Amino acid sequence: MTRYSRIVAGEEAHDLGETGLQRAKQWLEFTTRVDQCWTRHDRPAGELLEFQWPHGRDDGPGARFSFDLGGTFRGDTLENQSFVAEVKAYKKENDLPTHFRDFLAKCYVALETRPDRCDHFLWLSWSPFQAQRWDQHATAENVRKSVLHEANRRRTLGLEDESQAAAKLSADLLVGVAERIWLVTLSEKQEQLVLSANHYVEVVRMITLERRGAA
């Protein structure tokens, strides 16, 4: 592979990621259950998606990470509850298991440091992964394994030794993260099964009027 082809491939992956980000945002909004939604690029709201690894990582202390999307829900039991989301516009499994493992570690840190931003953690992709273990993805045990993985335990817990790191884990946080995980697998056809743009505007208008009347 030439240097040029590698650059093009990287640019295509970036473009695909940005397109997926906007598609995920639109899908969430068109469910009408999202009151506000912003991406990591939106300022100043995008700063609410940024967190810091407690113990840094290879690129130095205080290294930061960011989720792709965030916002608040509306209606029923979700009213005013916050969420952050990771978006992966993959059509095949590829390295999704690795990304999901890191996502769980990020969720652990986010819930520990800013629980007000983290009522829910959404994983949005266009491909499932490790289907035989699908029912185990959003479990406290999987969160535990992800945080203790050699790629995460140093930057999350500040320890290289796995047994020492395990002793430092918070059982409440492990359960808290697991309970907040949403696994959402989209498809191009499924994206069409939402309100039309015109109907969406009307529904949001009705919701806004209803809220004003209740105020």
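The values are calculated or read from the model by the stated rules, or taken from the named source; none is laboratory data. Just so it is clear, the model here is predicted, and its values are computed rather than measured. Neighbour counts are summed over all protein chains in view; Cβ atoms, including those assigned to glycine, are modelled from backbone coordinates with ideal geometry.
Would you check if there is a residue in segment 149-166 being without any contact (Cβ under 8 Å) to a residue 60 or more places away in the chain, touching a Phe, Trp or Tyr at 6+ places or on another chain (Cβ under 9 Å), surrounded by fewer than 21 Cβ atoms within 10 Å (Cβ to Cβ) and not aromatic (Phe, Trp, Tyr)?
Checked segment 149-166: no residue is without any contact (Cβ under 8 Å) to a residue 60 or more places away in the chain, touching a Phe, Trp or Tyr at 6+ places or on another chain (Cβ under 9 Å), surrounded by fewer than 21 Cβ atoms within 10 Å (Cβ to Cβ) and not aromatic (Phe, Trp, Tyr).
Mind checking which residues of segment 118-138 are free of Cβ contacts under 8 Å to residues at least 40 places away in the same chain and crowded, with 19+ Cβ neighbours inside 10 Å?
The first filter runs over segment 118-138 and keeps only residues free of Cβ contacts under 8 Å to residues at least 40 places away in the same chain, leaving 129-133, 135-136.
Answer for segment 118-138, where residues must be free of Cβ contacts under 8 Å to residues at least 40 places away in the same chain and crowded, with 19+ Cβ neighbours inside 10 Å: just Phe129.
In segment 76-116, which residues are among the charged types (D, E, K, R) and under 14 Å from Gln52 (Cα atoms)? It would help to see each step written out before you state the result.
Just the residues of segment 76-116 that are among the charged types (D, E, K, R), to begin with: 76, 79, 86, 88, 91-93, 95, 101-102, 106, 112, 114, 116.
Listed by number, the residues that qualify are Asp102, Lys106, Glu112, Arg114.
Any residue that is hydrophobic (A, V, I, L, M, F, W, C), within 22 Å of the chain's Cα centre (by Cα), under 30 Å from Leu28 (Cα atoms) and in a loop (DSSP other than H, G, I, E, B) - is there at least one of those in segment 162-176?
No, segment 162-176 contains no residue that is hydrophobic (A, V, I, L, M, F, W, C), within 22 Å of the chain's Cα centre (by Cα), under 30 Å from Leu28 (Cα atoms) and in a loop (DSSP other than H, G, I, E, B).
Starting from segment 42-56, keep only residues that are closer than 18 Å to Ala85 by Cβ and acidic (Asp, Glu), then list their pairs with residues that are modelled with pLDDT of 95 or more and part of a strand (DSSP E or B) whose Cβ atoms are within a distance under 7 Å, requiring at least 6 positions of separation or different chains.
Glu50/Ser66
Return only the number of the condition from (1) modelled with pLDDT of 95 or more; (2) surrounded by fewer than 19 Cβ atoms within 10 Å (Cβ to Cβ); (3) farther than 28 Å from Leu157 by Cα that Ser66 does not satisfy.
Result: Ser66 passes all but (3).
Taking the residues in segment 191-215 that are without any contact (Cβ under 8 Å) to a residue 60 or more places away in the chain and not in a helix (DSSP H, G or I) as candidates, determine which candidate is farthest from the chain's Cα centre (by Cα).
For segment 191-215, the residue satisfying everything is Ala215.
Which ones in segment 118-147 are of a type in the set (Asp, Glu) and either at pLDDT below 95 or assigned to a helix (DSSP H, G or I) (or both)?
Asp135, Glu141
Looking only at segment 69-79, decide whether some residue is surrounded by fewer than 21 Cβ atoms within 10 Å (Cβ to Cβ), at negative phi, acidic (Asp, Glu) and outside any helix (DSSP H, G or I).
Looking through segment 69-79, at least one residue is surrounded by fewer than 21 Cβ atoms within 10 Å (Cβ to Cβ), at negative phi, acidic (Asp, Glu) and outside any helix (DSSP H, G or I).
Looking at (1) farther than 30 Å from Ser146 by Cα; (2) surrounded by 10 or more Cβ atoms within 10 Å (Cβ to Cβ); (3) at pLDDT 90 or above, which one does Val177 not meet, given that it meets all the others?
Just one mismatch for Val177, condition (1).
I'm trying to understand the selection: among the residues of segment 98-117, which are surrounded by fewer than 22 Cβ atoms within 10 Å (Cβ to Cβ) and either part of a loop (DSSP other than H, G, I, E, B) or among the hydroxyl-bearing types (Ser, Thr, Tyr) (or both)?
Those that are surrounded by fewer than 22 Cβ atoms within 10 Å (Cβ to Cβ) and either part of a loop (DSSP other than H, G, I, E, B) or among the hydroxyl-bearing types (Ser, Thr, Tyr) (or both): Thr98, Thr113, Arg114.
Hey, can you tell me all the residues within segment 167-190 that are free of Cβ contacts under 8 Å to residues at least 60 places away in the same chain and either in contact with a Ser or Thr (Cβ under 9 Å, 6 or more places away or on another chain) or among the hydrophobic types (A, V, I, L, M, F, W, C) (or both)?
If the condition is that a residue be free of Cβ contacts under 8 Å to residues at least 60 places away in the same chain and either in contact with a Ser or Thr (Cβ under 9 Å, 6 or more places away or on another chain) or among the hydrophobic types (A, V, I, L, M, F, W, C) (or both), then Ala167, Leu169, Ala171, Val175, Ala178 are the ones that fit.
Of the numbered conditions (1) without any contact (Cβ under 8 Å) to a residue 40 or more places away in the chain; (2) surrounded by fewer than 18 Cβ atoms within 10 Å (Cβ to Cβ); (3) within 22 Å of Leu169 (Cβ to Cβ), Val143 satisfies every one except a single condition; which is it?
Single failed check for Val143: (2).
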